[in-house]
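Here is the structure we will look at, set down as structure tokens.
Please treat every number below as a calculation from the coordinates, not as lab data. Everything quoted here is computed from the prediction, not taken from an experiment. We place every Cβ from the backbone using ideal geometry, glycine too, and count neighbours over all the protein chains shown.
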Amino acid sequence: MIAVVTGASSGIGLEISRGLVAQGATVAIVGRSRERTGAARVALGGDTPVFLANFANLADVRALAGALRARFGRIDVLVNNAGLAVWRRTVTVDGFETTFQVNHLAPFLLTNLLLPNIVGRIVTVASNAHKRGRLDFDNLQRERGYVVYDAYAQSKLANVLFTRELARRIAGSGTTATCCHPGVVATRIWEVNRVLRLLSPMLGRLMLTPAQGADTPLWLASSPEAEGHSGGYYARRAVMEPSAAARDPEAATRLWEKSASMVRI
Ligand SMILES: NC(=O)c1ccc[n+]([C@@H]2O[C@H](COP(=O)([O-])OP(=O)(O)OC[C@H]3O[C@@H](n4cnc5c(N)ncnc54)[C@H](OP(=O)(O)O)[C@@H]3O)[C@@H](O)[C@H]2O)c1
């Protein structure tokens with residue numbers, strides 16, 4: 001099995017990668033930092049292929065897709081896991097709000113560019129935070145009234161809408177698309193400011209471990225029981241109903257078309 005895991009340098013992505021390696025898969029780990037991704041490679045046994053790309057730069061995402069396609073003719077599993085939350089609004093080199101680009105536009109572009117090579121499963125790590133998300137098509141870049149949690153929730157809502165629209169578009173192809181909530185997990189994603197960084201060892205004790213958080217995405221990516229499942233949103237290995245906003249098919253199509261024009265595909 002050839003698997004590609006984004007955001008594999010840390011947290012849930014590292015544990016998804018560990019689980020896939022334990023099942024005998026060749027796992028291409030994707031990270032933005034040479035040091036952290038190199039350390040993940042060592043932690044995974046040392047012969048794992050490493051690919052570097054900063055999702056805040058769409059040229060990096062295009063180069064990543066090209067490198068993966070050149071290295072692997074066929075990809076069995078793509079796990080779109082990389083994600084972040086940003087305390088104060090920032091804009092990427094591509095001109096998009098960073099959370100929206102890293103959490104949604106980059107995996108949207110990567111998935112589309114890899115689609116001809118994927119025969120298997122596409123799993124996107126979304127979040128229950130999507131339930132608080134609102135897609136305001138006139139303010140997708142959060143130019144007005146930026147709040148970290150709202151921008152994050154919007155991006156996670158986009159993950160669920162993306163998965164549902166993708167599943168519809170690839171139905172019957174043999175490839176499936178699912179997404180999930182991993183639980184509330186003790187990872188660096190919570191460390192969005194100095195106070196939360198200081199509190200994180202204490203708060204982390206109340207949360208799931210990254211290995212526990214990896215359970216559902218790993219199950220979706222590789223278990224025989226999840227074979228053939230497509231379009232669903234999962235938590236604790238069970239399909240869950242996402243929010244009403246996430247079930248809106250018109251919003252899903254509109255977001256897809258808008259995203260395609262933003263990333264120029
Ligand atoms: N933790 C939770 O409670 C929770 C709950 C629901 C959903 N999730 C989702 O789970 C996923 C994994 O997050 P995590 O909790 O495991 O956090 P994490 O430990 O911070 O891992 C995030 C991963 O994404 C990578 N990443 C961040 N910004 C990137 C960029 N600009 N370009 C490329 N890669 C980038 C990080 O790379 P670096 O190592 O270089 O930072 C890291 O590998 C995210 O999609 C998150 O939204 C998490």
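Observations
- For the peptides 201-210, 58-67, residues were scored by their other Cβ atoms within 10 Å and the scores averaged per peptide; the highest-first order is 58-67, 201-210.
- Local net charge near THR176, Cβ-Cβ under 11 Å (Lys/Arg +1, Asp/Glu -1): 0
- Other-chain or far-sequence residues with amide H under 5 Å of LEU208's (modelled H): VAL184, VAL185, ALA186
- Each 5 Å bin from 0 upward holds the following percent of the Cα-Cα pairs of the range 2-262: 1, 6, 14, 19, 22, 19, 12, 6, 1, 0.
- Antiparallel beta bridges, as assigned by DSSP with both residues in the chain, represent about 15 percent of the total such bridges.
- Summing +1 for each Lys or Arg and -1 for each Asp or Glu among the other residues whose beta-carbon sits under 10 angstrom from that of ALA53 gives +1.
- Radius 15 Å from Cβ of LEU220, net charge of other residues (Lys, Arg +1; Asp, Glu -1): -1
- Relative contact order (percent, whole number), the range 22-178, Cα cutoff 8 Å, 6+ residue spacing: 21
- Couplings for the range 82-90, taken from phi via the Karplus curve 6.51 cos²θ - 1.76 cosθ + 1.60 with θ = phi - 60°, read 4, x, 8, 10, 10, 5, 10, 4, 10 Hz in order; Gly and Pro are left as x.
- Using a Gaussian network model of the chain in which every pair of alpha carbons under 10 angstrom is joined by a spring, one finds that among GLY46, GLY11, GLY183 the greatest mean-square fluctuation is at GLY46.
- Least to most buried among THR253, THR111, THR176 (fewest other Cβ within 10 Å first): THR253, THR111, THR176
- Here's how it looks for ARG121: its modeled amide H is under 5 Å from those of VAL77, LEU78, THR176, which are all 5 or more places away or on a different chain.
- Relative contact order (%) - criterion: Cα under 8 Å, at least six apart; region: the chain: 19
- Residues in the range 158-190 reached by a label modelled at SER33 [backbone nitrogen below 14 Å; 7 Å Cα→Cβ]: 187-190
- Under the convention that each Lys and Arg Cβ holds +1 and each Asp and Glu Cβ holds -1, the size of the dipole of the chain around its Cα centre is about 380 debye.
- Estimated from helical segments only, the mean residue ellipticity of the chain at 222 nm is -12000 deg cm²/dmol, where each DSSP H run of four or more residues counts as -39500 (n - 2.57).
- For TYR233, TYR149, order by how many other beta-carbon atoms lie within 10 Å, fewest first: TYR149, TYR233
- Distance between the modelled labels on ARG205 and MET240, one decimal in nanometres: 2.6 nm (7 Å Cα→Cβ projection).
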